[in-house]
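Take a look at the structure below.
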Amino acid sequence: MKPKAVVIGPPGSGKTTVGGLLAERLGVAFRDTDHDVEAEAGKPIGEIFVDDGEEYFRALERAAVQAALAEHDGVLALGGGSILDAGTRADLAELPVIYLEVGLSDAVKRVGLASARPLLVLNPRSQFRKLMEERRPIYEGLATIRVATDDREPADIVDEIVKGLA
């Protein structure tokens with residue numbers, strides 16, 4: 001069993017929204033590993049970071065990704081930082097991976113600078129830019145399909161992904 005598609009990208013790229021619509025279009029189930037982590041921990045990701053630390057969160061995230069890749073045959077959205085794990089990157093090597101590209105201004109509009117994003121606490125705009133610059137090469141390297149999301153409707157993005165998967 002393996003996912004029909006795995007959606008990756010930074011916060012605000014639309015992984016959950018686009019992933020859900022893609023699953024609907026393909027007639028399969030949708031799963032988001034961020035939701036799995038929150039269910040396992042019994043609290044939101046922001047609280048996991050504050051209460052237990054990033055290392056603990058990353059361990060929960062890695063376990064959630066491993067389980068989802070083994071159990072889920074629909075569309076899977078991964079948390080934005082899950083691709084930092086070498087094991088996760090290796091697990092994605094043979095799968096259809098969709099990278100949702102988003103520019104800084106669009107991402108900031110979508111997530112807001114006052115949101116509960118744990119890695120964006122101090123100087124949100126600067127932190128977000130740094131995070132995107134560090135992760136972009138990894139996202140690009142994993143992607144079998146890259147889709148720009150800036151100033152686009154989710155349905156249009158899904159249309160492009162479906163064409164790419166065909």
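Just to be sure I understand, how many residues within the stretch 58-84 are free of Cβ contacts under 8 Å to residues at least 24 places away in the same chain and not small (Gly, Ala, Ser)?
1
Take Phe49 and decide whether it is more than 14 Å from the chain's Cα centre (by Cα), surrounded by 15 or more Cβ atoms within 10 Å (Cβ to Cβ) and among the aromatic types (Phe, Trp, Tyr).
So Phe49 passes the test.
Residue check: is Phe30 within 14 Å of the chain's Cα centre (by Cα), buried (at least 17 other Cβ atoms within 10 Å of the Cβ) and among the aromatic types (Phe, Trp, Tyr)?
yes
Please specify each residue of the stretch 80-103 satisfying the condition of being open to solvent by less than 30 Å² (accessible area, probe 1.4 Å) and over 15 Å from Val18 (Cβ atoms).
The answer is Gly81, Ser82, Ile83, Gly87, Thr88, Leu92, Leu95, Gly103.
The values are calculated or read from the model by the stated rules, or taken from the named source; none is laboratory data. Bear in mind the structure is a predicted one, so any value in this text is a computation, not a measurement. Backbone-built Cβ (ideal geometry, glycine too); neighbour counts: all protein chains shown. Just the protein is used for accessible areas: all its heavy atoms, side chains included, with ligands, DNA and RNA removed. Shrake-Rupley method; radii C 1.70, N 1.55, O 1.52, S 1.80 Å.
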